[in-house]
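Please read the structure below before turning to the comments.
Values in this text are rule-based calculations from the coordinates and carry no lab data. No experiment lies behind these values; they were computed from the predicted model shown. Cβ placement follows ideal geometry from the backbone for every residue including glycine, while neighbour counts extend to all protein chains displayed.
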Amino acid sequence: MGRILAVDVGTVRVGIAMSDPSGTIASPFEVIDRRKVDPARRVAALVAEHEVERVVVGRPLTLDGSPGQAVHEVERFVTRLAKIVAVPIDYWDERMSTAQAQRDMIDAGARRKERHDNVDKVAAALILQSYLDARGK
């Protein structure tokens, strides 16, 4: 198993997390500001630069498991990304990832600005770790 990149697609920011080379541990990586950078192109560059073998994209589901309102934006992003990367792209349930990221950062003592700046990449790391844990079983 190789390095896996996870994406938490938001309307303004896109969180990125990356696994270690063995595909075991997820770490927050960066936040892309959609107003300044094309997130699909940036993800494609990261895939090439870090020899990523797979991309995992958080799929926004509601609490009952049905697709949320943002699912169409995520699907558009994946369609664009699939045209410019040659690695598999998987969807993964992202329910409650942002709320959990906020709670984890509050518990760790992060200040409001730090939480605002980092919540998207921490949420992406939670999505990725869930994916990695499920694959390992």
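Which residue fluctuates most in the GNM of the chain (Cα springs below 10 Å): E30, E94, E49?
E49
Counting other beta carbons within 10 Å of each Cβ, put R34, R76, R54 in order, fewest first. Can you show the working numbers first?
Details: R34 15, R76 12, R54 20.
With the fewest neighbours first, R34, R76, R54 line up as R76, R34, R54.
Quick one: order L132, L5, L61 by neighbouring beta-carbon count within 10 Å, fewest to most. Intermediate values should be presented prior to the final figure.
Working: L132 21, L5 25, L61 17.
So the ranking, lowest neighbour count to highest, is L61, L132, L5.
Is the C-alpha gyration tensor of the chain telling us rounded, prolate or oblate? Criteria: a/c under 1.5 is rounded; beyond that, a/b larger than b/c is prolate, otherwise oblate.
Values: a/c = 1.27, a/b = 1.19, b/c = 1.07.
Rounded.
Report the net charge of residues surrounding K121, where surrounding means a beta-carbon distance below 10 angstrom and charges are Lys +1, Arg +1, Asp -1, Glu -1. Please list the in-between numbers first.
Working: positive: R13; negative: D8, E30, D117, D120.
Cβ neighbours under 10 Å give a net charge of -3.
Enumerate the amide H contacts of L61 below 5 Å, restricted to partners 5 or more residues apart or on another chain; note that Pro and chain-start residues carry no placed amide H.
G68, E94, R95
7 Å from Cα along Cα→Cβ at both V71 and A45: what's the point-to-point distance in nm?
3.2
Quick one: what are the phi-derived ³J(HN,Hα) couplings along the stretch 118-130, Karplus 6.51/-1.76/1.60 with θ = phi - 60°, whole Hz, x for glycine and proline?
Each residue of the stretch 118-130 in turn: 10, 4, 5, 6, 5, 4, 4, 5, 5, 4, 5, 5, 4 Hz.
Could you work out which residue, out of P28, P67, P39, moves most in a Gaussian network model of the chain, that is, has the largest mean-square fluctuation with Cα springs under 10 Å?
P67
Taking amide H positions as placed in the peptide plane 1.01 Å from N, state which residues far from R13 in sequence (5 or more) or on other chains have amide H under 5 Å from it.
Amide H neighbours of R13: R34.
Taking springs between alpha-carbon atoms closer than 10 angstrom, which of S66, S19, S97 fluctuates most in the Gaussian network model of the chain?
S66
Show the residues, 5+ positions off or on another chain, whose built amide H is closer than 5 Å to the amide H of I25.
Hits under the 5 Å cutoff: D20.
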